[in-house]
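Report on the structure given below.
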Amino acid sequence: MVVGGGAAGLNGALVLARSRRSVLVVDSGAPRNAPAEAVHGFIVLDGTAPSEILARGREQVRHYGGRVVFGELASAEPAEPVAGDPRFALTLADGRGVSARRVLVATGLRDVLPEVPGLAGHWGRGVVHCPYCHGWEVRDEPIGILATGPGSLHHALLFRQLTDDLVYFSHGTRVDRDTRARLAARGIRVIDTAVTGIVADAGAPTGVRLADGTVVARRVIAVATRTLALLGADVLRVDAPGLPESQEAHNDTGLGKRSALLDLAHGADRRIFDELLDAADVVVTGYRPGALDRFGLAPEALAERRPGLVVARLSAWGAYGPWGGRRGFDSLVQAATGIALLEGDEGRPGALPAQALDHGTGYLVAAGVLRALTERRRGGGTWRVEAALAQTARWLTHGTEPEAPRAGERPGRPYEPGAWLVERDAPLGRLRHALSPVSYEGGPADWARPPGRWGADEPRWTA
Ligand SMILES: Cc1cc2nc3c(=O)[nH]c(=O)nc-3n(C[C@H](O)[C@H](O)[C@H](O)COP(=O)(O)OP(=O)(O)OC[C@H]3O[C@@H](n4cnc5c(N)ncnc54)[C@H](O)[C@@H]3O)c2cc1C
């Protein structure tokens, strides 16, 4: 069975059908390039409408005996082997069931556009991402690069090849001195004022509106999209309804996550939780060791129930030391590990300017989980990650050297966090937040969704 009948799925199906395999393609009919008028840069087919290419592809697959049907795959489970040969039981969203020996997943990518009012409506026409796909069509136009991260510089230099009239909207991303110099050398103007909307006339963009009300005339906006949330995970935070969380704390930590409330002592909620657990790859708990054992959430109990799971446990003091059973949170750990003393003044305790132990430990957990998932993929197994704020504090206070100043930073000057902050619209208003410290060339620049209202999401997986 081939899941997804875009260019990749149909090509796979064509080769398999010609190899006399019995092939079924199931496609939900939403190829990535659907908004584009024509496909370009594809020899022989240059200028052909995407829908026409797919129609011809389906015809060719059918010509060799393959079947192509409209439908959406909802689940795929390993089924009883037939004569020792493994099978999959696949269910479509409309309830139809299929059994297959092999599954080729060709479901494509999902483009996530920055949340700028008016942008999404022009996607694939006045708002473009790929200089090779649409560049020729927008040549010599006034083009704006809407930056989403470090990769946007590369984007700008590619689009500069197509027009002399290029503006780089940094839109909260960091543009260091070297980058500014490179852009200036190519005649690219940089605008740092935040973008608040796209202005259009007769269905096509005419300008980019800035936070100060100015409109910069642009016919085309090029944007590097992100594909899925920061690193692709569907993250659902589950809390007990009786243990309220401050919305402000959630605004700070809820980026890219959804948040739902479930009372594990309550039968109906417990059943929902168990269903979530059955489909989860990773469970992260943030309570003191032992506190969740009565719900069957001890790492050993989870591993027994779901072999192959990655279980990460984050606590204040760790499971192994004398304070393992105690409650704790960032500020208490800062006090106990001497940070309050180091940061204090004239006998008064101080604190780090941010909840660095919470955030730092969270990123260490994320790194541990990624490592565990990689190892699981390579060799299988059930994995456990343990992290403690106290251990992070120890690393922070022993042997961590300050980073060398980056280009453009002047040592000795008061710390200027502006380059690491970004603003965006969130369900609860305009939100200013720190960028993720995880960044790499071509990687995601920001989280796909801002934090919503704590506890307001449906307790289900979306991916
Ligand atoms: C606006 C735009 C313009 C582009 N222009 C060009 C261009 O000019 N030239 C070029 O070479 N490339 C272009 N690209 C890139 C090109 O679209 C992709 O490389 C190509 O579509 C990838 O094919 P695919 O089969 O992997 O994925 P897709 O074309 O996205 O197809 C995936 C299919 O899987 C289906 N699917 C997803 N989930 C399920 C499920 N659970 N069950 C069943 N079916 C499912 C989807 O409905 C979809 O039909 C463009 C991209 C965009 C966004």
Point to revise | Residues with amide H under 5 Å from that of Val25, placed H, sequence gap 5 or more | key: Val2, Arg67, Val68, Val69
Practice item. Could you sort 39-48, 80-89 so that the peptide with the highest average Cβ count within 10 Å comes first and the rest follow in order? Key: 39-48, 80-89
Revision key, fill the gap. Residues whose modelled amide H sits under 5 Å from the amide H of Thr48, counting only those 5 or more places away in sequence or on another chain, are Val39
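Would you compute, from DSSP H runs of 4+ residues alone, the mean residue ellipticity of the chain at 222 nm, taking -39500 (n - 2.57) per run and dividing by the full residue count, rounded to the nearest 500?
-7500 deg cm²/dmol
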Practice item. Label the chain by shape, choosing from rounded, prolate and oblate, from the square roots a ≥ b ≥ c of the eigenvalues of the Cα gyration tensor; if a/c is under 1.5 it is rounded, and otherwise prolate applies when a/b is larger than b/c, oblate when it is not. Key: oblate
Practice item. Mind jotting down the distance between the C-alpha centroids of the stretch 317-393 and the stretch 100-173, whole Å? Key: 39
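Just so you know, all these numbers are worked out from the coordinates, no wet-lab data involved. Owing to the predicted nature of the structure, the values given are computational and were not obtained by experimental measurement. Neighbour counts are summed over all protein chains in view; Cβ atoms, including those assigned to glycine, are modelled from backbone coordinates with ideal geometry.
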